[in-house]
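Scroll down for the structure; my scribbles are underneath it.
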Amino acid sequence: MSHQGFSDEDDIIKLDAINDAFKCEKSGHIMEAILLYEEGIYKLNQLASSDPNKQQFYVKQLRMFESRSKQLRDQVKTHLHGSKLIDHIVIERDARGRSYQRLFGLYLNDNVREAHLNEPHLSEQHQFKNLVNFFEVLVKNCRYLKYIRVTTRPDQVLPKNQLHMLQQIRADLATGNIHMNFQLDETLHDRKIVLSSGVVIKIGRGLHYFEPTEHLHALGLCDYDFRKCLATEVDVWQCRAFAKAPRDSHDYKPPPKDVEEGAYSSD
C-alpha cells in the first residue's frame, strides 16, 4: 500500500496517525497499524466535515483507509477464530508465587513485537504500580518489543492525574525505543493481553489480582512472587501470529552488558 500523491495535501501529511499506520503495516506491526488507521480515519472524517471544498478528496482517502483497516482487522479476526486454549490456571485466594513473570513469562519472548493491554481500571496508585511491574516483565523478556497499546476506562474523578501517569510511563518507555500509545474507552470491560505472537491472555481480575502488602516494608513490595493473591482464573489462548517473525537469532546483536542490564537505570 502506498500513499503517493499525498505530498500536495498538507492536511493528510499532518495526520501522524496515518503515516504511523503505514509505517507499522510496512514493518509488520499489524495490530498497532489497525488502531492507527482508525485514529486517522476519525480525524479525516473531522476534516471532511470542516472543509466542504476538499470533501471529495477526503472521502476518497477515507474509503481507501477504511478498506485497508477492514482488511487488516479481518486478518486478525481470522487468526483469532482459529485460536486454541493452551492453558487454564486457577489462582486460589492467598496463594503466593503468582507474579506476572511466573504466571505468563513463558509466553513473553523474542516473537513478541507488539503487546496490547485491555485493563479497565487504571486510576489508583497501586494499579499504576501493577502496570509498571507488568511492563518491566514485558520489556525484560521481549527483546524485539516495539509497540505497546494500553486501553483503559477514563478516570472520572482525577482525569488529569490518570493522563499524567500514562504520559510519564510512555515517556520512560520511549527512552528504550518502545512506542506506547494509550486510549480511553468508557465502555471497556474485558481484561486481556494480546501479543503479536498470537498469544491471548485473559485474566479474570486483569492485572490487579494481588492483595496489598500489609505494610511498607513487607516482602512483596518489589517482588510480586511474595504477594498474596485474590482468587481468579487465567486462560491462555494461542492462534497464528499477527506480525511478521522477528529476525533470526543469528542476526541479533545483543547490546553492551551495561545497557542490557540497566537500560532504564539512572546510574
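The values are calculated or read from the model by the stated rules, or taken from the named source; none is laboratory data. What you see is a predicted model; the values in this text were computed from it and never measured. Neighbour counts run over all protein chains shown; Cβ positions are idealised from the backbone, glycine included. Surface accessibility is based on the protein's heavy atoms, side chains included, excluding ligands, DNA and RNA. Shrake-Rupley method; radii C 1.70, N 1.55, O 1.52, S 1.80 Å.
Being open to solvent by 80 Å² or more (accessible area, probe 1.4 Å), under 30 Å from residue 79 (Cα atoms), in a loop (DSSP other than H, G, I, E, B) and modelled with pLDDT of 95 or more is true for just one of 240, 205, 247. Which residue is that?
205
Do we find that residue 172 is farther than 17 Å from residue 209 by Cβ and more than 16 Å from the chain's Cα centre (by Cα) in this structure? For residue 172, the condition - farther than 17 Å from residue 209 by Cβ and more than 16 Å from the chain's Cα centre (by Cα) - is not met.
When 130, 111 are screened for being over 26 Å from residue 184 (Cα atoms), out of contact with any helix residue (DSSP H, G or I) (no Cβ under 8 Å at 6 or more places or on another chain) and not basic (Lys, Arg), only 111 passes. For the range 189-230, a residue qualifies if it is over 20 Å from residue 142 (Cβ atoms) and among the polar types (S, T, N, Q), and exactly one does: 213.
Only one of the numbered conditions (1) farther than 27 Å from residue 168 by Cβ; (2) in a helix (DSSP H, G or I); (3) in contact (Cβ under 8 Å) with a residue 40 or more places away in the chain; (4) open to solvent by 40 Å² or more (accessible area, probe 1.4 Å) is violated by residue 61, and that is (4).
Results for (1) in contact (Cβ under 8 Å) with a residue 24 or more places away in the chain; (2) surrounded by 14 or more Cβ atoms within 10 Å (Cβ to Cβ); (3) acidic (Asp, Glu), shown as yes or no for each residue.
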residue	(1), (2), (3)
123	yes, yes, no
145	yes, yes, no
159	no, no, no
168	no, no, no
182	yes, yes, no
195	yes, yes, no
209	yes, yes, no
213	no, yes, no
222	no, no, no
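For residue 76, are the conditions met, namely being farther than 16 Å from residue 235 by Cα and of a type in the set (Val, Ile, Thr)? Answer is yes for this residue. Condition (residue is more than 30 Å from residue 218 (Cβ to Cβ), open to solvent by 70 Å² or more (accessible area, probe 1.4 Å) and within 17 Å of the chain's Cα centre (by Cα)) applied to the range 45-57: is it met by at least one residue? No, that holds for no residue. I'd like the full set of residues that are at pLDDT 85 or above, surrounded by 12 or more Cβ atoms within 10 Å (Cβ to Cβ) and not aliphatic (A, V, I, L, M), limited to the range 72-96. 83, 87, 96, listed by residue number. Residues in the range 50-69 that are under 19 Å from residue 25 (Cβ atoms) and among the acidic types (Asp, Glu): how many? Of the residues in that region, 1 qualify.
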